[in-house]
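Each remark here refers to the structure printed beneath this line.
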Amino acid sequence: MSDFRVKTKARAQFVDITDEVNRAVAAQQITTGLCNLFVPHTTCAVIVSENWDADVTTDMLAHLQRLVPRDGGYRHGEGNSQAHILSVMLGTSINIPLEGAKLKLGKWQGVMLAEFDGPRERTVLVSVVAAQRTGSK
Ligand code: ZN
């Protein structure tokens with residue numbers, strides 16, 4: 001397992017971390033298997049989304065904030081219930097297959113850290129599980 005840090009710059013923001021994840025995967029020297037990403041936080045998430053047209057993530061962020069408003073009459077005194085709810089909805093962990101020691105993403109896919117309570121420094125944990133054939137040692 002390895003990790004890297006992401007400094008977010010806004011309260012709510014999607015940050016493309018595909019290159020950082022691929023670097024972390026390459027350093028583990030496993031060519032085929034499964035990559036698990038996990039963020040040990042309660043107010044951000046990791047997702048796979050389109051990363052070519054920035055309007056996609058802009059629309060998604062705006063829509064998520066309409067679905068879960070910032071001021072929703074919540075009880076939590078810290079004032080960031082919106083961020084906690086969106087973190088749970090999108091999830092703090094994803095799995096992506098590996099091929100050739102790289103993420104096997106679709107042409108238009110990228111890995112993003114979804115920040116909902118920034119700006120903060122976030123940690124992304126990268127665990128790679130190697131694929132093995134039956135009978136291999
Ligand atoms: Zn809180």
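A compact table of results
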{"read-out": "Test: residue in region 53-63 that is in contact (Cβ under 8 Å) with a residue 40 or more places away in the chain, open to solvent by 70 Å² or more (accessible area, probe 1.4 Å) and of a type outside the set (Asp, Glu)", "value": "no"}
{"read-out": "Output for region 1-37, where each listed residue is more than 17 Å from SER49 (Cβ to Cβ), within 12 Å of the chain's Cα centre (by Cα) and either acidic (Asp, Glu) or at pLDDT below 95 (or both)", "value": "none"}
{"read-out": "Residue tally, condition open to solvent by less than 60 Å² (accessible area, probe 1.4 Å) and of a type in the set (Phe, Trp, Tyr), over region 5-52", "value": "1"}
{"read-out": "Region 72-127: number of residues that are more than 13 Å from the chain's Cα centre (by Cα), charged (D, E, K, R) and closer than 18 Å to THR8 by Cβ", "value": "4"}
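Residues are listed down the side, and each one gets a yes or a no for (1) within 15 Å of the ligand (Cβ to nearest atom); (2) in contact with a Ser or Thr (Cβ under 7 Å, 6 or more places away or on another chain); (3) farther than 16 Å from ASP16 by Cβ; (4) touching a residue at least 24 places away in the same chain (Cβ under 8 Å):
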{"residue": "LEU67", "(1), (2), (3), (4)": "no, no, yes, no"}
{"residue": "GLY77", "(1), (2), (3), (4)": "yes, no, yes, no"}
{"residue": "SER81", "(1), (2), (3), (4)": "yes, no, yes, no"}
{"residue": "ALA114", "(1), (2), (3), (4)": "no, no, no, yes"}
{"residue": "ARG120", "(1), (2), (3), (4)": "yes, yes, yes, yes"}
{"residue": "LEU125", "(1), (2), (3), (4)": "no, no, yes, yes"}
{"residue": "VAL128", "(1), (2), (3), (4)": "no, no, yes, yes"}
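The values are calculated or read from the model by the stated rules, or taken from the named source; none is laboratory data. None of these values were measured; they are calculated from a predicted model. Please note: Cβ atoms are built from the backbone with ideal geometry, for glycine as well, and neighbour counts cover all protein chains shown. SASA here: full protein model, heavy atoms, side chains in, ligands and nucleic acids out. Shrake-Rupley method; radii C 1.70, N 1.55, O 1.52, S 1.80 Å.
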